[in-house]
Amino acid sequence: MRNQILFPRLLVVIATLFFASTVIAQSSEADPRQIISTVNANGGIRLATEPASPIAVEERRPRTLTSTIVARPAPAAPTLNLANRLDQALLTAIQSHVGASYRFNRTGPDEFDCSGLVWRAFQDIGVNFQRAPARSYWATFAEPAKDEQFKFGTLVFFSNLSHVGIVVDEKGFYHSARHGGVMYSPFNEYWLSRIDGFRRVPAQSLQPITPIAKPRTSTTNVAAGERNNEP
């Protein structure tokens, strides 16, 4: 008699457990809480839920991107062994202005544009010609022989005659650039692709070299194209 009573209850318990497991499986994905089933003394099943352990979330701190700017050293001018006394004086004159700022329509002593630096450097050693824009120097002076194009002291012109510098050798030149002022620059791909040609200041322009008390500042109005197109 007792077995007859327990057997149906056992079936009920098994069926209830099966049902509960099905409910738990279906709700586990939607509900993060844990479902606990217990059987009481009368064979009844009680379902209880309790909060599941919190899902560990990795704390993400905002990453700070830092960029390191490496300053490139200015190209070093080569050491020249110039036998010509005039060339030595010209090199000394040019190098005395290295580091000066760029300013349009100025010939020193502390600010230069490109054609103003050329004029001042030659004036410092007694080579006299009229202060003018780069385009005027191109029209005034003669084209050098091919083997003199990269000879020290030759004028080199760039970017449709809007910029001019003084050749050191086949490796580089001196000039006054809008970004950097008076400096030495190598003949890299950028500059070589922009060369218009070369000119030589004639020896007839040479005057007796006399000490210059103080460089004068010229306010000659040079072409606006030179101001707008210099590097």
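Quick one: net charge around F187, please, counting Lys, Arg +1 and Asp, Glu -1 for every other residue with C-beta under 12 Å from its C-beta.
-1
Could you derive backbone 3J(HN,Hα) for the range 191-202 from the dihedral phi with the Karplus parameters 6.51, -1.76 and 1.60 (θ = phi - 60°), listing whole Hz in sequence and x where the residue is Gly or Pro?
6, 4, 6, 10, 5, 8, x, 9, 9, 10, 6, x
Please list 188-197, 136-145 highest first by mean number of surrounding beta-carbon atoms within 10 Å per residue.
Packing order, densest peptide first, comes out as 136-145, 188-197.
R0 = 22 Å: FRET efficiency of K146 with Q95, Cβ-based, nearest 0.05?
0.20
Quick one: which residues, 5 or more positions from A177 or on another chain, have an amide H under 5 Å from its amide H? H modelled 1.01 Å from N in the peptide plane, none for Pro or chain starts.
For A177, whose amide H was placed from the backbone, the distant partners under 5 Å are V182, M183.
Under 12 Å from a label point 7 Å along Cα→Cβ of L80: give me every residue in the range 131-173 with its amide N that close.
150-156, 166-173, by backbone N distance to the label point.
None of the figures in this text is laboratory data; all of them are computed from the coordinates on show. Everything numeric here is computed off the predicted structure, so don't read it as measured data. Glycine also receives a Cβ, built like all others from the backbone with ideal geometry; neighbour counts cover every protein chain displayed.
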